[in-house]
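Heads up: the structure comes next, in structure tokens.
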Amino acid sequence: MKKSIQIPQYGNWVSGNLLKRMFVLSIVITLADTSLWLFVSNWYPLKTLLALLALLFMIGTIYFLLARRLFAKNGGDIQNKILDELMNHIAWNGAGEALDIGCGSGALSIRIAKKYPRSRVTGIDYWGSGWSYCKKQCEENARLEGVASRLLFRQASASSLPFEDESFNLVVSNLTFHEVKDSANKLDVVQEALRVVKTGGEFVFQDLFLLRKYYGTPNDLIAAIQKAGIQDVHFLDTSKASFIPKALKLPFMIGTLGLLYGKK
């Protein structure tokens, strides 16, 4: 009997649980609305409202199914392409310590460890209940990719990193800062990430940096970082990347994606 081949499981940025909840809600609302039309002779405003809600949830379910397909490796592979965009802006020589903030399933941490064999990489994540990722999954993926000996995963919040100032030669983060629930000011989260970059070290952050309610304009974001004493900082509007399909360029998806990189 042949052994099954184990492969890393990096998951999908569109949660399967989200899809299930939306689908169930659309069915429940539809059934409730149908019952009202069958057994209640009036209440027309409520019936109409429920019908619209059911339609909205069904359209949402279909959209997020499409988005999940586009992100998947056997679909549009957009997740990997977005990570490639971040990796392409790392100019590090690969010697020393790297930190991945919001490592999720370990995909970016493992990429760095594989590309830079002289590095040691730490991945931190809060691994909240809203996501299906966990520390054990990261460690198993690292083992399957052959880099477990140079990777360390630990639970922590991006708003309060458990490291001394200037601990890492490279600090990266992908689509994490806007998700940090215990810090209302997302610029504080960016500053916390920069705190642990060594003088002369590099940082590459990709997030929804074009969301003005979190970061202001790109010029505001750059000015805030320069005010903290870091002059070598650049911004790239990655939402305009040609590989991102129009269906994902909506504001609530990755239509506000940007890349912040530089040297401390």
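Every number in this text was worked out from the coordinates using simple rules, so none of it is lab data. Keep in mind it's a predicted model, so treat the numbers as computed, not measured. So basically every Cβ, Gly included, is an ideal-geometry build from the backbone, and we count neighbours across all protein chains shown.
Legend: ranking of residues Asp84, Asp207 from fewest to most surrounding C-beta atoms inside 10 Å; resulting order Asp84, Asp207. Modelled this way, with points 7 Å down the Cα-to-C-beta line, the labels at Val28 and Glu139 are 3.6 nm from one another.
Expressed as a fraction of 2.2 N^0.38 Å, the value expected for a compact globular protein of N residues, the C-alpha radius of gyration of the range 1-140 is 1.52.
The length gained on full extension between Gln231 and Ala91, counted as 0.36 nm times the residue separation minus their Cα-Cα distance, comes to 48.7 nm. You can think of it this way: the chain between Asp188 and Leu250 has 19.7 nm of extra reach, that is 0.36 nm per residue less the Cα-Cα gap.
Summarising the label geometry, the points placed 7 Å from Cα in the beta-carbon direction at Val40 and Lys114 lie 5.5 nm from one another. When a/c reaches 1.5 or more, the comparison of a/b and b/c decides; with that in mind, is the range 78-263 rounded, prolate or oblate per its Cα gyration tensor? Rounded, because the longest to shortest axis ratio a/c is under 1.5. Of the complete DSSP H runs in the chain, those spanning 15 angstrom or more by Cα along the long axis with a mean Kyte-Doolittle score not below -1.0 are 16-39, 44-71. Efficiency by 1/(1 + (r/R0)^6): what FRET value for Lys240 and Ile7, r their Cβ-Cβ distance, R0 = 45 Å, to the nearest 0.05? The calculated FRET efficiency here is 0.85.
For the set Lys20/Lys181; Lys135/Lys186; Lys135/Lys240; Lys115/Lys263; Lys135/Lys181, the pairs lying more than 27 angstrom apart at their alpha carbons are Lys135/Lys240. Length gained on full extension, Leu56 to Lys213, computed as 0.36 nm times the residue gap minus the Cα-Cα distance: 54.0 nm.
By the beta-carbon count within 10 Å of each Cβ, the least crowded to most crowded order of Ile254, Ile7, Ile101, fewest first, is Ile7, Ile254, Ile101. Within the range 82-118, the trypsin sites (Lys or Arg not before Pro) that combine a DSSP coil assignment with at most 14 other C-beta atoms in a 10 angstrom radius are Arg118.
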